[in-house]
1. What is the distance, in nm, between label points placed 7 Å from the Cα along the Cα-to-Cβ direction at A:Leu30 and at A:Arg120?
2. Please report the net charge: other residues with Cβ closer than 14 Å to the Cβ of B:Pro359, K and R +1, D and E -1.
3. Debye sum, Cα scatterers, chain B, no solvent: what log₁₀ I/I(0) at q = 0.06, 0.08, 0.10 1/Å?
4. Relative contact order (percent) for chain A, with alpha-carbon contacts under 8 angstrom and 6 or more residues of separation?
5. Can you give me the pair-distance distribution of the protein assembly as shown, C-alpha pairs, 20 Å bins, whole percents?
6. If you plug each phi of the range A:74-79 into the Karplus form 6.51 cos²θ - 1.76 cosθ + 1.60 with θ = phi - 60°, what whole-Hz ³J(HN,Hα) values come out, in order, with x for Gly and Pro?
7. For the protein assembly as shown, compute the number of Lys pairs whose alpha carbons are separated by less than 26 Å, excluding pairs fewer than 8 positions apart on the same chain.
8. Answer rounded, prolate or oblate for chain A, using the Cα gyration tensor with square roots of eigenvalues a ≥ b ≥ c: rounded when a/c is under 1.5, else prolate when a/b is larger than b/c, else oblate.
Amino acid sequence: MIDSLLVGLMLFLVGSPLLMMTVIGARLFLGRPDSEDNVGRLVLATIAISLAAALAIAGTMLWVGHGRFEISLGNWIDIPAVHFHLAVKLQLDTLSLTFAIMSLVLCGVIGRFAIKYLHREPGYHRFFFLYAMFTFGLMLTTLAGTIETLFAGWELVGVSSAFLVAFFDTRIMPAINGLRVWTVYRLADAAFLIAAVTLHHMEGGGDFSALSGTGVWPTGTSELAGWSAFGVGLLIVIAAAGKSALIPFSGWLPRAMEGPTPSSAIFYGALSVHLGIFLLLRIEPIIDQSVALQVLLIVLGLSTALVAEISGRVQADLKSALSFASLVQVGIIVTEVGFGFRIIALIHIVSHAFFRTLQLLRAPSLLQDYSRLENAIGGRLSSPYSSWFHRLPGGWGRWLYRFGLERGRLDDWLDVLVVGPFLRFFRRIDQFEQRLLARSHEKNKSAVPVRPLSASHQANALPLSQNRLAEVSAEPSPATTNSRSV
Amino acid sequence: MLIADVLLTSPHLPFVDLMILSPMVASIWIMFAKNSSVARRRTIVSSMITLVLASAGWIDHFLSSDHVSSSMLNEWLGLPIFAIDSLNSPVILMTALIYLMTPVMTVRTKMPRFSFAGSSFGESLVLTSLVSMQPALIAAFMSIACLIPWYELRARRASTRLFMMHMVAFIVVMWAGVLLLPTQVTLGSILVAGAVAIRTGLPPFHLWVSDLLSQATFGRCLLFLTPMPAAYLVTRVLVPVAPEFLLSILGWHAVIAAFYAAGLAIVQTDVRRFFCYFYLGQAAIVLIGLEAGTQLGLTGSLSAWISSTVALSALGLTLRALEARHGTLSLGGFQGLHHLSPALARGYLISAFACVGFPGTLGFVGMEIVFDATLQSYPVLGIIVVLASALFGIAAVKAYFELFSGKPRCPSVLPMHNRRESLGIMLFAAILILGGVYPNPIISSRSHAAKLIARPGDQSADKQHHHP
């Protein structure tokens with residue numbers, strides 16, 4: 001009977017955000033969005049139901065003494081002829097429940113905040129659809145019992161995050177930054193997908209019992225060992241690094257400030273940025289099997305924290321400063337995971353998430369308060385913080401200042417080493433192909449050019465660089481002539 | 001008495017024959033329409049009838065004891081000529097749907113430029129090639145189908161050189177392969193594989209695709225490209241007999257083609273060229289699984305074929321609708337079209353994500369199985385395919401931002417909301433999302449079809465791989 005109760009509660013826990021996403025999404029897609037009041041009520045009601053279910057599950061499991069409970073929802077795909085199946089399983093344990101409850105509380109707070117904050121904003125319904133998708137993806141990720149289920153939730157979180165960054169779609173910079181976020185997520189997710197498929201192939205299924213053993217979290221021993229553990233673990237570490245903005249992917253986190261304040265709170269403070277660490281905690285038994293992975297995590301965590309600390313010290317706006325402050329904590333938590341301190345890492349995540357969400361939601365009104373205080377006293381308030389750069393000998397202070405201002409030049413290095421060569425190579429091929437096409441049209445002299453060839457002879461600037469932005473800003477609006485080829 | 005019993009015991013209607021003949025006869029009827037509006041209405045009626053007949057044929061094959069719905073010609077000649085079976089049944093349905101939705105979603109201003117009679121005749125040819133059981137018949141109808149885009153290019157006084165070169169090469173190589181297959185399997189298979197590479201547009205034989213897209217009407221291009229008839233040639237003719245080494249080579253070729261297309265899709269500044277490389281990538285991914293040779297790979301590919309057909313068509317029709325409103329679209333800047341065409345923005349997102357295999361869409365399952373099968377057989381290839389898929393995702397979102405983000409335009413004449421287009425987008429979205437949420441019926445049917453064409457050695461290899 002307890003098992004049936006848990007199953008029922010679990011369905012409410014996951015089903016409520018799914019319902020929210022379906023209702024808001026369906027009405028938006030049909031072009032008949034509901035009123036703001038109804039959307040607000042739906043959001044709060046579904047989050048409240050989910051949270052109540054999560055708390056009830058936690059209470060029941062504590063009362064009964066269950067450390068771990070798994071629910072199988074059947075096979076999403078089943079091909080008996082080749083023994084292939086993708087199972088949908090949900091798992092309740094200390095890690096997943098803690099994360100789920102934390103996520104729901106913060107999603108509820110942010111949702112309540114956003115209902116007022118985005119009142120009469122043109123993209124109100126679009127925001128809450130993305131918010132609902134994010135919440136559902138988060139529930140699926142934290143409660144997943146198989147790697148495929150986790151991957152599905154992971155992708156939903158990624159796409160909703162990227163589109164929240166690009167929420168203000170009348171401006172260009174949100175779109176550019178949203179694309180950057182999406183690019184990092186997508187490449188990191190490729191690593192995750194390879195890990196998921198590899199695990200599926202090795203173990204005949206994607207159950208986490210193969211990754212983390214059948215023990216109750218935080219205990220557990222992986223069935224993988226040796227190079228298998230290192231290979232799968234490394235791929236998952238890459239995925240986690242992308243999601244949690246670890247080095248060298250830290251560049252996307254400050255870019256995410258383009259989104260509205262509630263979505264910034266979701267990213268920096270609370271949830272999205274901790275999802276990578278959640279994944280690391282979930283696969284901790286694999287990390288235990290490989291000293292190399294542990295060392296890698298410690299190095300990644302410490303270097304991320306160091307770079308973020310230096311960068312955060314020189315930021316001129318509050319949201320950027322808070323984003324780097326978040327990143328420092330994320331780096332420290334990853335280091336804790338590398339050392340094997342699972343419980344400490346989980347407590348650190350929860351406390352950091354609540355604290356940072358508070359700071360980020362408070363940020364806009366804090367600036368207004370400071371402004372009023374300074375107007376009242378007729379001068380600047382003294383800052384309790386001072387940079388220690390100027391105390392360093394020689395030019396070190398200036399060097400660190402520049403390093404921080406340029407955010408470690410991580411994005412630039414990625415552009416120089418990866419993005420730039422890739423784009424240049426394929427642009428050259430594209431130009432070559434266009435020349436071939438043009439030549440073939442020239443040889444057919446009786447033909448009338450029906451459609452102008454694409455203008456790929458524009459400046460070869462990288463699409464995300466500043467000089468490209470300057471060109472785009474300087475260009476007049478594209479002509480909308482109907483060519484006769486259409 | 002159950003309906004099924006009635007259908008099984010009553011004489012079978014010749015659904016296959018009616019499905020082939022109906023659009024062919026209708027094309028003559030459409031040719032004599034007095035104007036393009038009447039032509040479009042007649043085309044829609046004809047396509048709806050064809051879709052109903054295709055659906056009836058599908059149900060008939062499903063209910064028959066041997067899961068085959070045969071043509072009357074088969075009985076008369078005593079040979080399998082035309083039939084609907086597990087392999088081609090969903091493809092025929094999807095093709096008929098595409099041929100219906102294309103004229104439905106053609107806006108009034110573009111009607112004079114689109115040949116509705118040609119569309120109906122082309123539908124007949126494509127469906128006939130998809131129900132053909134004999135390699136020679138498949139080759140014949142695929143050859144004739146090449147004439148329709150060629151004729152349109154000629155009518156528009158566009159350059160046909162590149163298209164002709166490739167199609168002539170395709171036809172010659174295909175016929176040579178088909179004729180040699182009975183006696184010289186290896187050489188015949190190599191030639192047929194070459195023909196498939198040309199018709200699909202695998203690099204370096206892909207220039208005709210971008211050439212066609214830049215010169216022909218978008219609707220014509222969609223109808224010629226998205227059903228992917230070359231995949232049928234592979235499944236029906238090549239996979240059952242081709243030697244292992246050839247399938248491996250084709251697999252490598254398709255993987256490199258997918259990565260190549262993904263890279264080029266990212267750097268495009270023209271919408272049609274962007275769609276060209278998107279199509280090439282999807283077609284390559286379909287072929288990857290077919291050439292893996294295992295039943296799992298074939299299942300994944302057959303599923304990916306269905307999802308790619310629907311998703312690419314939806315994407316193409318959405319871009320076509322955008323072009324009809326806003327003219328030639330550039331991806332070099334930020335067009336700000338979201339506020340003018342929000343429904344098309346939503347349609348673009350759903351279809352693009354389905355193309356790249358996003359979870360929750362129809363494309364996810366097929367892609368996942370293809371990745372699994374490829375990683376099993378050739379791990380390095382599998383990694384490249386996953387990377388290619390990631391790059392396609394980046395290209396899709398990049399194009400979305402460049403089309404729909406940015407300062408909103410304020411045209412002097414607002415683009416009108418078109419109910420038919422909305423209906424089309426909703427229909428495709430429903431198929432892509434419902435199929436993604438509940439894919440098992442499709443996967444089961446594809447697995448059954450894969451079993452028909454997989455070789456016995458491949459089936460046992462699957463079992464070994466999946467048993468820990």
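1. My value for the distance between the label points is 2.8 nm.
2. Summing Lys/Arg as +1 and Asp/Glu as -1 gives -3.
3. Normalising to I(0) and taking log10 leaves -0.24, -0.43, -0.69.
4. Relative contact order for chain A comes out at 11 percent.
5. 14, 45, 33, 8, 1, 0
6. The phi angles translate into x, 9, 5, 10, 9, 10 Hz.
7. Taking the Cα cut-off of 26 Å, the pair count is 11.
8. Numbers: a/c = 1.39, a/b = 1.20, b/c = 1.16.
Judged from the Cα gyration tensor, chain A comes out rounded (a/c under 1.5).
Here, each number is a calculation from the coordinates, and none is a lab measurement. What you see is a predicted model, and the numbers here were worked out from it, not measured in a lab. No Cβ is skipped: glycine too gets one built from the backbone with ideal geometry, and neighbour counts run over all protein chains shown.
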